[in-house]
Amino acid sequence: MKSLALSLMAALLVSTASAEPTATGDLGLVIERANGSVLLVDQSERAALARIEGLGDLSHASLVYSPDERFAYVFGRDGGLTKVDIVTRSIANRVVQAGNAIGGAISDDGKLVAVSNYEPGGVRVFDADTLEMVLDIPTGSKTIGLVDAPGRKFVFTMWDTGETWIADMSGAEPEITKIPDMGENPYDALITSNGRTYITGLFGEDGLTALDLWDENPQPIRVLPNYGRGQQEMPVYKMPHLEGWALTGPEFVLPAVGHHEVLWVDANTLAETARTKTYGQPVFAMARPDGRQVWVNFAHPLNDTIQVIDTVSKDIIHEFKPGPAVLHMEFTPRGHEIWISVRDAGKVMIYDTHTFEKLREIDADSPSGIFFTARAHKTGL
């Protein structure tokens, strides 16, 4: 009996020793918007590893990662919340929680996942392990700009009413703080990496509105009011994504809604410091992790082009055309490469950020958002 036990233990040790370990820190997912799938990619190999299907309508989709980088929570346009296991390369769980969703967030402890909804509106919060709903927060409005904040909080804003709500989930019962007068038709929002400043962009008027979340009683702070006054209004072909706005050292770099320029704003005083004219209407203005460059893509019909801005001179130092319908960009964690989704070419293209050399292309079905697992350790992403 003893020898049998020793034999079983030895077999187990051999099996464990020979098992292939799975490291997730070098991985990422690419949204394939046309077919409801995500593509698992490897940064170092610059290669696709697997396609995971069955995620519903991903025509406007985003995702967040669990703290251990194993699970991705994908928020689909059809209200689907899908938990993807990137180790087993499969769907771990899926619920359709609303009729029309617009993104989500994960709490700083990784225990709760929140989804922002257009239909029926409001925010719903789910257990990250089981995807069972733990809280429904009706708002009477489409909700936008949902982000996580330190202390197990979620912050989100109402398109219809111009309010921002803070849901504190740290206690036995949730506490909701409502902040009115954020402005007309807020369309998206961001939170700084330290969790202090929450900024909403306004569609119904020029300017933005900020909140200092370190204040015990946060009040709206108007930023760049009437920045477009005196200029000819232009059609807005695509709204900028605020989570793609850049913080480069002491300044924000913000796409100007309806104008061919980016705006530079002092991060402390929130006063405008400069403007850079651009090729088209910016959608994403994304800072390389070291803050030295900002890469900008543009709305239709000028969405085949990328410009690179030097953050010291604020001049455009490089311009190129990866292909038709550049939708999203993602830097590797230290910024030596950038991955770019070119939807209508069916490619993810990889470039060196110092030489601007194209390093590789990866085939993908209508690629849009690119999300590396390093996002698991950043507030607001």
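Data table
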quantity	calculated
Strands (runs of 3 or more DSSP E) lying entirely in the stretch 98-158 (those with 1 or more residues that are acidic (Asp, Glu) and surrounded by 17 or more Cβ atoms within 10 Å (Cβ to Cβ))	143-149
Qualifying residue in the stretch 307-318 (condition: more than 25 Å from residue 250 (Cβ to Cβ), in contact with a Ser or Thr (Cβ under 7 Å, 6 or more places away or on another chain) and of a type outside the set (Phe, Trp, Tyr))	no
Pick from the stretch 125-156, criterion free of Cβ contacts under 8 Å to residues at least 40 places away in the same chain and either among the polar types (S, T, N, Q) or in contact with a His (Cβ under 6 Å, 6 or more places away or on another chain) (or both), ranking: farthest from residue 108 (Cα to Cα)	141
Qualifying residue in the stretch 166-178 (condition: within 22 Å of residue 378 (Cα to Cα) and basic (Lys, Arg))	no
Criterion violated by residue 214 - all others in (1) in contact (Cβ under 8 Å) with a residue 24 or more places away in the chain; (2) in a loop (DSSP other than H, G, I, E, B) satisfied	(1)
Looking only at the stretch 66-97, and only at residues there that are under 15 Å from the mean Cα position of the chain (by Cα) and not in a strand (DSSP E or B), the one that is nearest to residue 168 (Cα to Cα)	66
Filter pass, residue 242 being modelled with pLDDT under 90, within 21 Å of residue 142 (Cα to Cα) and touching a Ser or Thr at 6+ places or on another chain (Cβ under 9 Å)	yes
Matching entry among 27, 55, 49, 40 (being under 27 Å from residue 135 (Cα atoms) and at pLDDT 95 or above)	55
In the stretch 167-185, residue nearest to residue 269 (Cα to Cα) [restricted to those that are surrounded by fewer than 19 Cβ atoms within 10 Å (Cβ to Cβ) and among the hydrophobic types (A, V, I, L, M, F, W, C)]	176
Subset of the stretch 250-297 [surrounded by fewer than 18 Cβ atoms within 10 Å (Cβ to Cβ) and of a type in the set (Gly, Ala, Ser)]	267, 271, 274, 291
Criterion (buried (at least 17 other Cβ atoms within 10 Å of the Cβ), at pLDDT below 90 and part of a strand (DSSP E or B)) met by exactly one of 206, 188	188
Yes/no for residue 332 being closer than 26 Å to residue 50 by Cβ and under 20 Å from the mean Cα position of the chain (by Cα)	yes
Strands (runs of 3 or more DSSP E) fully within the stretch 255-317 counting 1 or more residues that are in contact (Cβ under 8 Å) with a residue 60 or more places away in the chain	293-298
The listed residue being among the polar types (S, T, N, Q), exposed (fewer than 10 other Cβ atoms within 10 Å of the Cβ) and modelled with pLDDT under 70, out of 7, 3	3
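The values are calculated or read from the model by the stated rules, or taken from the named source; none is laboratory data. For clarity, every value in this text was computed on a predicted model and none was experimentally measured. Cβ: placed from backbone, ideal geometry, glycine included. Neighbour counts: every protein chain shown.
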